Structures are given as structure tokens and as C-alpha cells.
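Shown next, in C-alpha cells, is the structure this report addresses.
The values are calculated or read from the model by the stated rules, or taken from the named source; none is laboratory data. If you're wondering where the values come from, they're calculated on a predicted model, not measured in any experiment. Here Cβ is always computed from backbone atoms with ideal geometry, including for glycine, and neighbour counts include all displayed protein chains. With ligands, DNA and RNA removed, areas are computed over all heavy atoms of the protein, side chains included. Shrake-Rupley method; radii C 1.70, N 1.55, O 1.52, S 1.80 Å.
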Amino acid sequence: MYRITDLLVQSTLETLYMVSLSTLFALTLGFPLGILLVITKKDNILPKEKFNRVLNTIINISRSIPFIILMIILFPLSRVIVGTTIGTTASIVPLSIAASPFVARMIESALLEVDPGVIEAVKAMGSTPWQMITKVLIPETLPSIVLGITITIINIISYSAMAGAIGGGGLGNLAIRYGFHRFETTILVAAVVVLVVFVQIVQSIGNKLSNILLERIS
Amino acid sequence: MISFKNVSKVYKKNNLKALEGIDLEIRKGEIFGFIGQSGAGKSTLIRMINGLENASQGEVMVDGKHISELSNNELLKLRKKIGMIFQSFNLINSRTVYKNVAYPLEIIGMREDQIKENVYEALRVVGIESKINDYPNQLSGGEKQRVAIARSIVNDPKILLCDEATSALDPNTTQSILELLRSVNNTLGITVVLITHEMKVAESICNRIGVLEKGRLIDVVKKEKLSNLSALHPGTRALLAVEECIV
């Protein structure tokens, strides 16, 4: 029993570490991309239709590569950045890169909720693009942005479990090593339970936060 | 104050001619109304005054400046001197009434105490001080438009553009908003340019009315001359007649 708890705690910490850092990096990469996707659309803040089309295509392509294959493709990059291709830290690289186009789409769909009339009004007042983004676009859609980030975190949790299959650490790795290879079903079930609890907590915090923000607006 | 010289606008995408050969001078301090049916080019025309639309041909001059020759920064500066209100109010939902009205001052970097003073003054002018901490969704249509007017006059603009500002409001509220616009024009000396499809609105507030039909300015009439039917362009008469039928 002591061994199981020990393993679980260790793996949970690894998952937490992978998920939090990957979320941070994915947001850093994906958030600006999502903003660009919206503001360069026709009739938006900085219309650049050609650029918008190219960006859309790139994001679609990167989203259509299955995560497990992306991890393998990104081995060289992981080696350059963290010095190795296996382990918990190494899997942060593909996790961040796989999640960032997803973040971009989430942010895009949130920001598109702003009424074009409001954009026109603040444009007519002489706002700079930066002012329109930071004072209107983002504050107006904060409840949806929060929900988008929640879904992203949950996605990264499930990706991180997949990373376990090819040498990343965390709960996924634990489940595969002990549960699958050594037929230790208890550990497998325990790992899954922790993942389920994890997802529940993230989703309910996200919902609550989004509702609090929404109440302020409507 | 505002002049159009042989202004035309063609939308490249569908090759649609929205405006053709517009020549007009709007004077400082007047209330000028453009009237016409939907698709007549009113929206395009009013948006040329603050550079939200560009002319394909001809010159639009505002306060002595050629709009088409302005740099990006100069255009932003000019827009800060032109207020605009809309049919759908276009308030920022995540901001309180106070923060909505403060927005135009925030973006020019005004100090917080000065912002407060100006916002209270603007809210007093439109008579809605009691709703200062409400969010737009808690307001009625008329109240929203009052907030929008406060927001558009708070930075002391020279021109106020009204894009079908009363079209979403009931007749009583429409009258009170029109009165407010008249008093803004009177007491603050702001030139008001409005577009509407309702002759009644144009008649009750404008000094002069420009009639648009299929992108052409077919008539410019002083309010007093509206009753002299025989002197009016047939298109203007038609607009007057349509309204009478509805009433």
C-alpha cells in the first residue's frame, strides 16, 4: 500500500508539473495567435486577409497531426531545448506545441463574441489597435476565455497521459508501466481515478470563475 | 466644417457604386441630416467623415484637413474630436456606465481625477447620473443611448455623428433623445450630422436635410422649405409622402 501511495504521489506531482508548465507555454504561444486570427479578419481591428488565410492554414495543419506522432517529430527540438527526448521535462516541449494551436482556436472563438458594432464604436473614438485589444476585446470576452483555458488544461491533462506512453512521466506513464506491462490493475485504476478527480477539479474551478465573471457583465 | 467634393465610393468586392458625385458643405454648428431609404449610401457617407470608410474618388475635408491625406496617427487624433452614436448603442458590456463614458478619456491618457470630473459632467448633461454604477445590460434602450451620447461628448468633440440613433427607440424616447441632441448642439456648439430613414426625425431636428437616392445627393433642403412641396425634388416629395401614408 505504501508503495502505491508513493508512486501515485510522485506521478501526480509529475503530471502537475507537466500540465502547469505546458499550459503556461501553450498560452504564451497560443493566446497571441488567437488574437491575430481575430484582428486580421475582414472588417476587424487590423484587417489583413492574406495573412489571416496563411495563419489559418498553418493552425489547421498543426492541429491535424496526431499528438503521439507530433511528439516523435519534435524529438530533435526537445533534445535542443531540454537536452533529452524522454522524461517529464522533455514532454513539456511537444505538449506546449501541440496545445498552442488549440489555444489559438479557443481564444479566437471567444474573441469573436464581441459585437462588431462595439469594435466600430471604439475604433471611431480613435483607439489604437492595442487599446482595442486590451481594453475591449479581452475584457468583453473574459468569461469565454476562462472556459477556453479550462478546456485547454483538460486537454493537456489527457495529452500528458499519452506522453507517458513514450517515456514522458506522470500518471499516464505510471498506468502504462504498472497497469499495462506488469498487470497491476490496482495501480492502473488508481492512476485513472486521480486523473478523473484532476479533471473534475479543473472544470469546476473554471466554470465557477467564468460564472462569476459573467455575472458582472449580464 | 465638413465638405465633400465630387465624392464617389465603389465597393471593389461586388463593384457596387455606393455613392456618386457628392458635393456638399456642412457648416459649423448646424444640425445636418441625411435621409434616404436603405441602400441609398447614408451609412457610407457618414463613415467617411471619421475615416471609417475611404472615398474612391473626390475629397472629404473635415476641419480643414483632407481625410485621405492623413497619416494613421493624424486620423486617430481627428477621430478623438468626432463623436459617434449608433442605432445599436454599441456600449462596452463589461464596463459600467462610468467606465464606458470614461473610455475616450482613458485612451488619451487623462488623469483619473480629471476623468472623474468630465464623466460626471457628461452624465449630468444627458441626465443619467443615477445609473453611474450600472452595467449596460441593466439599462433601457433610451438610457443606453443617453450613455452613448455622454460617451461621445465627454472629450469635447467638434462634431457628433449619429447613425440612425433613434431607430431602435419608441416614439417618446425618440423625442427625448432628439431634444437631447438639440441641446447638445445648442449649448456645446457641436456640429451634428445624422442619418435617418424617417423624415419625421429629420424634420424635427435638422437645420438642413440632404436627400440621398441610389448613391446620389438629389436634394438639399432647408427645414423651413419642406412645406413648399412644388419646389422639392420628386424624390424628396416621395419620402415625405411615404411617411404620411404610414402615419
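Being touching a Phe, Trp or Tyr at 6+ places or on another chain (Cβ under 6 Å) and either more than 20 Å from B:LEU24 (Cα to Cα) or surrounded by fewer than 21 Cβ atoms within 10 Å (Cβ to Cβ) (or both) is the requirement here; does B:ARG216 meet it?
When the stated conditions are applied, B:ARG216 does not pass them.
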In segment B:78-102, anything at the interface with chain A (Cβ under 7 Å from one of its Cβ atoms) and either assigned to a helix (DSSP H, G or I) or not polar (S, T, N, Q) (or both) is listed as B:ARG79, B:LYS80, B:MET84, B:PHE86, B:ILE92
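To keep it simple, each residue is scored yes or no on (1) over 23 Å from A:VAL202 (Cα atoms); (2) hydrophobic (A, V, I, L, M, F, W, C); (3) outside any helix (DSSP H, G or I); (4) out of contact with any helix residue (DSSP H, G or I) (no Cβ under 9 Å at 6 or more places or on another chain).
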| position | (1), (2), (3), (4) |
| --- | --- |
| A:LEU27 | no, yes, no, no |
| A:GLY30 | no, no, no, no |
| A:GLY34 | no, no, no, no |
| A:VAL54 | yes, yes, no, yes |
Scanning segment B:74-93 for residues that are under 13 Å from the mean Cα position of the chain (by Cα) and of a type in the set (Val, Ile, Thr), the one surrounded by the fewest Cβ atoms within 10 Å (Cβ to Cβ) turns out to be B:ILE82
Filtering segment A:40-51 for residues that are in contact with a helix residue (DSSP H, G or I) (Cβ under 7 Å, 6 or more places away or on another chain) and either surrounded by 12 or more Cβ atoms within 10 Å (Cβ to Cβ) or part of a helix (DSSP H, G or I) (or both) leaves a count of 5
Quiz item: With respect to A:THR89, is the statement that it is touching a helix residue (DSSP H, G or I) at 6+ places or on another chain (Cβ under 6 Å) and either exposed (fewer than 12 other Cβ atoms within 10 Å of the Cβ) or not in a helix (DSSP H, G or I) (or both) true?
Solution: no
Given the conditions (1) aliphatic (A, V, I, L, M); (2) open to solvent by 20 Å² or more (accessible area, probe 1.4 Å); (3) closer than 26 Å to B:ASN90 by Cβ, every one holds for A:ILE58 apart from (3)
Checklist entry - Do we find that B:SER71 is open to solvent by less than 20 Å² (accessible area, probe 1.4 Å), within 14 Å of another protein chain (Cβ to nearest Cβ) and either among the charged types (D, E, K, R) or farther than 25 Å from B:LEU178 by Cβ (or both) in this structure? => result no
- State yes or no: is B:ILE132 touching a strand residue (DSSP E or B) at 6+ places or on another chain (Cβ under 6 Å) and either closer than 23 Å to B:VAL7 by Cβ or of a type in the set (A, V, I, L, M) (or both)? no
